[in-house]
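Undergrad: What follows is a structure written as structure tokens; I'll ask about it next.
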Amino acid sequence: MTTRTTSRTVEFQNAFFLRGMASMQPAGRYTVDTDEEQIDTAYGCAFRRIGTWIWLTSDLKSRGAMHMASVDPAELEAALVVDARTALRS
């Protein structure tokens, strides 16, 4: 089965937390990767999302060590909307 990964950068103006994270994350830019698998349909081929991950800094002492946390794409988008609204009020 064919899979593909797409990456994008998101930016939070405020600290944030999503389910599955160990702690609050600081404001900043984050890379989000989405893996999709190809599926065959009656109309041709399509892709179905199989996972979305955000890259996080492991901790301040590890000097750039990163790890991925699985995130719900809808929860991530909702958090970005709330963050943008909050940034506009400041």
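Nothing in this text is a laboratory measurement; each read-out follows from the coordinates by a stated rule. Computed from a prediction, not measured in an experiment: that's the story for all the values here. Positions of Cβ are backbone-derived with ideal geometry, glycine not excepted, and every protein chain shown enters the neighbour counts.
Undergrad: Which residues, counting only those in segment 1-46, are among the polar types (S, T, N, Q) and in contact with a Lys or Arg (Cβ under 8 Å, 6 or more places away or on another chain)?
TA: Correct list: Thr9, Thr31, Thr34, Gln38.
Undergrad: If you take the residues of segment 10-34 that are farther than 16 Å from Val81 by Cα and among the hydroxyl-bearing types (Ser, Thr, Tyr), which of them is surrounded by the most Cβ atoms within 10 Å (Cβ to Cβ)?
TA: Thr34
Undergrad: Also, quick follow-up: Of the residues that sit in segment 66-88 and are surrounded by 13 or more Cβ atoms within 10 Å (Cβ to Cβ) and among the charged types (D, E, K, R), which one is nearest to Thr52 (Cα to Cα)?
TA: Asp72
Undergrad: Please find, within segment 11-51, the residue that is nearest to Ser70 (Cα to Cα) out of those that are in a strand (DSSP E or B) and in contact with a helix residue (DSSP H, G or I) (Cβ under 6 Å, 6 or more places away or on another chain).
TA: Filtering segment 11-51 for residues that are in a strand (DSSP E or B) and in contact with a helix residue (DSSP H, G or I) (Cβ under 6 Å, 6 or more places away or on another chain), the one nearest to Ser70 (Cα to Cα) comes out as Phe16.
Undergrad: What about Gln38, is it in contact (Cβ under 8 Å) with a residue 60 or more places away in the chain, over 16 Å from Glu75 (Cα atoms) and out of contact with any Leu (no Cβ under 8 Å at 6 or more places or on another chain)?
TA: no
Undergrad: Follow-up question, since we're still on this one. Could you tell me whether segment 23-44 includes any residue that is of a type in the set (Gly, Ala, Ser) and under 12 Å from the mean Cα position of the chain (by Cα)?
TA: No, there is no match, as no residue in segment 23-44 is of a type in the set (Gly, Ala, Ser) and under 12 Å from the mean Cα position of the chain (by Cα).
Undergrad: Going by the conditions given, is Ala69 assigned to a strand (DSSP E or B) and touching a Leu at 6+ places or on another chain (Cβ under 8 Å)?
TA: Yes: the conditions hold for Ala69.
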